Amino acid sequence: MAVSITALSSSLSSLSFSSHVAQKPSIVSFPGSKSVSVSHVCGAPTHAPRLVVASVAAAPPTEVVETENLKKYVKSRLPGGFAAQTIIGTGRRKCAIARVVLQEGSGKVIINYRDAKEYLQGNPLWLQYIRVPLVTLGYESGYDVFVKAHGGGLSGQAQAISLGIARALLKVSEDHRRPLRKEGLLTRDARVVERKKPGLKKARKAPQFSKR
């Protein structure tokens with residue numbers, strides 16, 4: 001009888017020790033989410049609902065959404081792309097090339113599917129280059145301008161766009177040639193960076209002369 005009581009007490013003590021061991025929360029992964037944590041409560045019934053926390057994918061940034069909207073807008077205004085339009089002009093400056101399409105509108109300027117002010121970083125000089133041909137003829141609110149520009153920097157692209165707008169305005173009416181020519185807007189600026197020469201530091205800058 002004494003042996004059986006001793007065995008019974010040892011088994012009870014082992015059961016009480018195991019009941020104090022807490023279970024660690026487990027991590028469950030689902031495709032499409034970062035992680036899901038499932039928490040267990042010690043001593044809770046098996047039919048109790050489990051807490052599931054899932055991460056939600058972040059929304060795309062506003063700039064990407066605006067660019068996509070402008071792309072749809074340009075494609076709706078220019079069916080067939082730039083090459084299929086009638087009032088089109090190409091301008092060049094340094095290494096920059098700009099293809100310009102004019103359509104009757106309210107004066108919007110869209111460059112590479114972005115607003116002109118945003119694309120040219122709000123630089124007043126570069127924005128003035130674009131406005132001058134239209135202001136010269138009084139069309140600043142009469143045409144929408146759509147541009148594809150590549151190569152060079154923003155300054156060169158702005159001047160290339162100016163030449164492209166002036167050439168496109170000639171297709172609207174040949175009478176525009178005289179006022180545009182008078183302002184020098186139809187002249188292609190052929191100046192480019194001069195090449196470096198051997199033995200010199202730059203195109204013309206020479207190393208310091210030392211007599212001895």
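The values are calculated or read from the model by the stated rules, or taken from the named source; none is laboratory data. All of these numbers come straight from a predicted model, not from anything done at the bench. Cβ placement follows ideal geometry from the backbone for every residue including glycine, while neighbour counts extend to all protein chains displayed. Note: accessible area is taken over every heavy atom of the protein model, side chains too, but ligands, DNA and RNA are not part of it. Shrake-Rupley method; radii C 1.70, N 1.55, O 1.52, S 1.80 Å.
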For LYS211, counting only lysines whose alpha-carbon sits under 20 Å away and dropping same-chain residues fewer than eight positions off, the answer is LYS201
Where only protein heavy atoms count, and the probe is 1.4 Å, what is the accessible area per residue for the range 64-183 in Å²?
-> 53
Which value, in Å² rounded to 10, gives the accessible area of THR86 with a 1.4 Å probe and all protein chains present?
-> 110
For the cross-link pairs LYS108/LYS171; LYS148/LYS205; LYS182/LYS202, which exceed 27 Å when the distance is taken from alpha carbon to alpha carbon?
-> LYS148/LYS205; LYS182/LYS202
Roughly how big is the range 64-183's charge dipole about its Cα centre, with Cβ charges of +1 (Lys, Arg) and -1 (Asp, Glu), in debye to the nearest 20?
-> 400
So how long is each side of the range 64-183 along the principal axes, counting just the alpha-carbon atoms, biggest first, in Å?
-> 42, 29, 24
Dipole of the range 45-204, positive direction: furthest Cα of ALA98, LEU78, SER173, with charges on the beta-carbon = ALA98
Would you check the accessible area of TYR129, probe 1.4 Å, heavy atoms only, in square angstrom rounded to 10?
-> 70
For the range 64-183, what % of the accessible area comes from carbon and sulfur atoms, probe 1.4 Å?
-> 50
Order HIS176, HIS150, most accessible first, counting only protein heavy atoms with a 1.4 angstrom probe.
-> HIS150, HIS176
ASP144, ASP175, ASP115, ASP189, ranked by accessible area, largest first (probe 1.4 Å) | ASP175, ASP115, ASP189, ASP144
